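Here the structure comes first, spelled out in structure tokens, and everything after it is commentary.
Derivation of every value follows stated rules applied to the coordinates shown; laboratory data play no part. Please read all numbers here as calculations on a predicted model, not as lab measurements. All Cβ positions, glycine included, derive from the backbone under ideal geometry; neighbour counts span all protein chains shown.
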Amino acid sequence: DQQVKQNSPSLSVQEGRISILNCDYTNSMFDYFLWYKKYPAEGPTFLISISSIKDKNEDGRFTVFLNKSAKHLSLHIVPSQPGDSAVYFCAASERNTDKLIFGTGTRLQVFP
Amino acid sequence: NAGVTQTPKFQVLKTGQSMTLQCAQDMNHNSMYWYRQDPGMGLRLIYYSASEGTTDKGEVPNGYNVSRLNKREFSLRLESAAPSQTSVYFCASRYGVSSYNEQFFGPGTRLTVL
């Protein structure tokens, strides 16, 4: 049973437009959510996070939105740049546990 | 700071051979993790260590053993490699005192079992 789901394996967006990556979760005990970015042949790198007491967190071009009632979060990248082309993983953590549960990833391609 | 380092970067094994993947972090983190990444499967937790001297199973522990040698080092051992263990392995660490902090990942080890 997959607790964190990224239903879109890939997304293609034109440079300068908005990229929206989606993530759904099933465990209502999750209270911290993260997005990681991964380039080929490298380890994942942390991008942005949000705790369950918030519904939005913004860092430059990246914004994460959390809808707890729908158990859904999304990552918005505005404007998208070719360097944003990578695989994006959504992850979630339950209070007082030491583990992250990852989604299967979405491959974003930003074309000129 | 080197962050999280992993050795080797690449390895090819024959079925039945054993090997140890090494991981070290220089960030004074308490928690360390081993993941495997397979196409379409995301990152799956193999084992983790919340502190020096403790280890716990993750989602896919079968066929693996781990050792938390000290606060810095966390190794993953394959006693008898199988083709199903062909994967990319990532080590990660986290400060660990609070749930609200991120994990830092190493560059990965690409393992092929023939």
Response to the item:
HN-Hα couplings for region B:86-96 via Karplus (6.51, -1.76, 1.60; θ = phi - 60°), in whole Hz with x for Gly/Pro, come out as 5, 5, 9, 10, 10, 9, 9, 9, 8, 4, x
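Could you state, as a whole-number percent, how many of the C-alpha pairs of region B:44-85 are farther apart than 17 Å?
31
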Worksheet, complete the sentence: Per the 1/(1 + (r/R0)^6) rule, R0 = 30 Å and r from the Cβ atoms of A:ASP55 and B:ASP38, FRET efficiency to 0.05 is 0.35
Response to the item:
Stokes-Einstein, Kirkwood over Cα pairs, the protein assembly as shown, 10 °C, 1.306 mPa s; D in µm²/s equals 88
Worksheet entry | If the convex hull is drawn through the Cα atoms of chain A, its volume per residue in Å³ | 101
Worksheet item: Across region B:23-114, how large is the tail of the calculated P(r) beyond 16 Å, expressed as a percent of all Cα pairs?
Response: 51
Practice prompt. Rounded to whole Hz and in sequence order, give me ³J(HN,Hα) for region B:57-69 from the Karplus expression 6.51 cos²θ - 1.76 cosθ + 1.60, θ = phi - 60°, writing x for Gly and Pro.
Written response: 6, x, 6, 10, x, 4, x, 10, 9, 10, 9, 9, 5
Practice prompt. Assign unit charges at the C-beta atoms only (+1 for Lys and Arg, -1 for Asp and Glu), then state the dipole size of chain B relative to its Cα centre in Debye, rounded to the nearest 20.
Written response: 200
Item to complete: Can you pull the one-decimal nm distance between simple spin-label points at B:ASN70 and A:GLN3, each 7 Å off the Cα toward Cβ?
Response: 3.3
Discussion item. Based only on other Cβ atoms within 10 Å, what is the fewest-to-most ordering of A:LYS37, A:LYS68?
Written reply: A:LYS68, A:LYS37
Worksheet entry | Test item: Cα-centred dipole of region A:1-83, Lys/Arg +1 and Asp/Glu -1 on Cβ, debye | 100
